[in-house]
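Trainee: Quick one: the structure is below, and I'll ask about it shortly.
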Amino acid sequence: MPTEAFGSMWVLAVDGPLLNDGTSPAVHRIDPDTNTVIASIPLPGRLCQGLGASPDAIWACGPDGLIRIDPTTNEAIASIPLQAPLAFSRIPYGAGSVWAFATTTVGPDQVVRVDPATNSVTATIDLGHVAGTMAFGFDALWVSAPADHLLLRIDPATNAVEEWTSGIERPGIIAVGNDALWISLLFEHAQEAGADESTVTRIDPSTGEVVASIATGGSLGDEGGIAVTADAIWVRGPRPWLVRIDPATNEVIERIDVRGGPGDVAAAFGTVWATNADYGEIFRIEP
């Protein structure tokens, strides 16, 4: 889950305790000028979701809650307790808050709002659905609910949850673009998609209308990612490995196949960064 912040790229190590492969969970900081790891910050136990950044901190998640990392010292300096779910999602920042998933059972069915000025929880929001991922943009928090085929909108002024778009086929990963939300479909582990089956949808955030649905040639399931730039939508999936969509035409214009497997993607420092979780690799691509 590559994340740009504080002049660096930040990535999560493979979740060793969950995979039982002997590795230790950590956040790694990469210098984009040298493509080398310049710091590694250990995490206390298995991961519970992804990475995020607020204006003065990096945020990760461990078995007992959120972990705040100081980018000036590359050390974990605070923890915010919450009932951590097994979830795959970036930890967004918006409206002055850090937003993270929590659970009353196992899956993410709550959103916790944290004030980074005090490292305290200011609200716990019941979603009424089991969530997929979330993202902040267009003055709202967006949450996918794959089992119920819904896109939820949370108003940060009131913390009210609204069912914004319905009838989306198992929506999963959410990415915020300049004028649209880009959401993966078929959000289920290792789910396959036909060559002509829609796997990414474009939604107008002001109306909730589905503007376009795009077949990338394979589904992301819960093992991929989406990155948005002004002139491209990059879709990282197990297969095809990386797809480029032209947002002007909503058509696939390029496919890059390296090797299969789960991973994520981000656009930063004029390049595209794609991870291969199974091999512990990061690819940097000139667009």
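Trainee: Restricting the range 80-98 to residues that are part of a loop (DSSP other than H, G, I, E, B) and in contact with a Phe, Trp or Tyr (Cβ under 7 Å, 6 or more places away or on another chain), which is surrounded by the most Cβ atoms within 10 Å (Cβ to Cβ)?
Mentor: Across the range 80-98, the extreme among qualifying residues is Ser89.
Trainee: On to the next question. From the list Val130, Val98, exactly one residue is under 26 Å from Glu4 (Cβ atoms) and at pLDDT 95 or above. Which is it?
Mentor: When all the criteria are applied, what remains is Val98.
Trainee: In the range 263-282, how many residues are at pLDDT 95 or above, over 18 Å from the mean Cα position of the chain (by Cα) and among the aromatic types (Phe, Trp, Tyr)?
Mentor: Here the count works out to 1.
Trainee: Next question, about the same structure. Yes or no: the range 131-150 includes at least one residue that is in a loop (DSSP other than H, G, I, E, B), among the small types (Gly, Ala, Ser) and in contact with a helix residue (DSSP H, G or I) (Cβ under 9 Å, 6 or more places away or on another chain).
Mentor: Taking every residue of the range 131-150 in turn, at least one turns out to be in a loop (DSSP other than H, G, I, E, B), among the small types (Gly, Ala, Ser) and in contact with a helix residue (DSSP H, G or I) (Cβ under 9 Å, 6 or more places away or on another chain).
Trainee: Residues Ala60, Ala84: which one is touching a Cys at 6+ places or on another chain (Cβ under 8 Å), farther than 28 Å from Gly208 by Cβ and assigned by TED's automatic domain parsing to the domain that holds His28?
Mentor: Ala84
Trainee: Sticking with this one: I'm checking my understanding of the structure. Among residues of the range 150-171 that are surrounded by 17 or more Cβ atoms within 10 Å (Cβ to Cβ), within 21 Å of Ser198 (Cβ to Cβ) and not aromatic (Phe, Trp, Tyr), which one is nearest to the chain's Cα centre (by Cα)?
Mentor: Pro171
Trainee: Among the residues of the range 99-122, count how many are under 18 Å from the mean Cα position of the chain (by Cα), part of a strand (DSSP E or B) and of a type outside the set (Val, Ile, Thr).
Mentor: Looking only at that region, the number is 6.
Trainee: Can you name every residue in the range 135-145 that is within 15 Å of Glu163 (Cβ to Cβ) and either buried (at least 24 other Cβ atoms within 10 Å of the Cβ) or touching a Leu at 6+ places or on another chain (Cβ under 8 Å) (or both)?
Mentor: Hits for the range 135-145 are Leu141, Trp142, Val143, Ser144, Ala145.
Trainee: Then there's this: It is to be established whether one or more residues within the range 172-186 are surrounded by fewer than 16 Cβ atoms within 10 Å (Cβ to Cβ), farther than 23 Å from Leu66 by Cβ and either assigned by TED's automatic domain parsing to the domain that holds Ile214 or not basic (Lys, Arg) (or both).
Mentor: Checked against the condition, which is being surrounded by fewer than 16 Cβ atoms within 10 Å (Cβ to Cβ), farther than 23 Å from Leu66 by Cβ and either assigned by TED's automatic domain parsing to the domain that holds Ile214 or not basic (Lys, Arg) (or both), the range 172-186 yields at least one hit.
Trainee: Step by step: first the residues of the range 215-244, then only those that are over 18 Å from Glu188 (Cα atoms) and β-branched (Val, Ile, Thr), then the one that is surrounded by the fewest Cβ atoms within 10 Å (Cβ to Cβ). Which residue is that?
Mentor: That would be Thr229.
Trainee: Within the range 36-52, is there a residue that is surrounded by fewer than 21 Cβ atoms within 10 Å (Cβ to Cβ), of a type in the set (A, V, I, L, M) and in contact with a His (Cβ under 6 Å, 6 or more places away or on another chain)?
Mentor: yes
Trainee: Could you tell me whether Ala274 is under 30 Å from Asp31 (Cα atoms) and of a type in the set (Gly, Ala, Ser)?
Mentor: Answer is yes for this residue.
Trainee: Can you list the strands (runs of 3 or more DSSP E) found entirely within the range 167-277 that contain at least 1 residues being free of Cβ contacts under 8 Å to residues at least 24 places away in the same chain and either more than 21 Å from Phe136 (Cα to Cα) or in contact with a helix residue (DSSP H, G or I) (Cβ under 7 Å, 6 or more places away or on another chain) (or both)?
Mentor: So the answer is 242-246, 251-256, 271-276.
Trainee: From the list Ile77, Ile30, pick out the single residue that is in contact (Cβ under 8 Å) with a residue 40 or more places away in the chain, on the phi < 0 side of the Ramachandran plot and in a strand (DSSP E or B).
Mentor: Criteria check complete, one pass: Ile30.
Trainee: Which residue is nearest to Arg170 (Cα to Cα), if the candidates are limited to the range 103-120 and must be among the aliphatic types (A, V, I, L, M) and surrounded by fewer than 18 Cβ atoms within 10 Å (Cβ to Cβ)?
Mentor: Val106
Trainee: Sort out which residues of the range 1-26 are touching a Phe, Trp or Tyr at 6+ places or on another chain (Cβ under 6 Å) and at pLDDT below 95, and write them in order of number.
Mentor: Passing the criteria: only Pro2.
The values are calculated or read from the model by the stated rules, or taken from the named source; none is laboratory data. Model, not experiment: these values are computed from the prediction. Cβ atoms come from the backbone with ideal geometry, glycine included; neighbour counts cover every protein chain shown.
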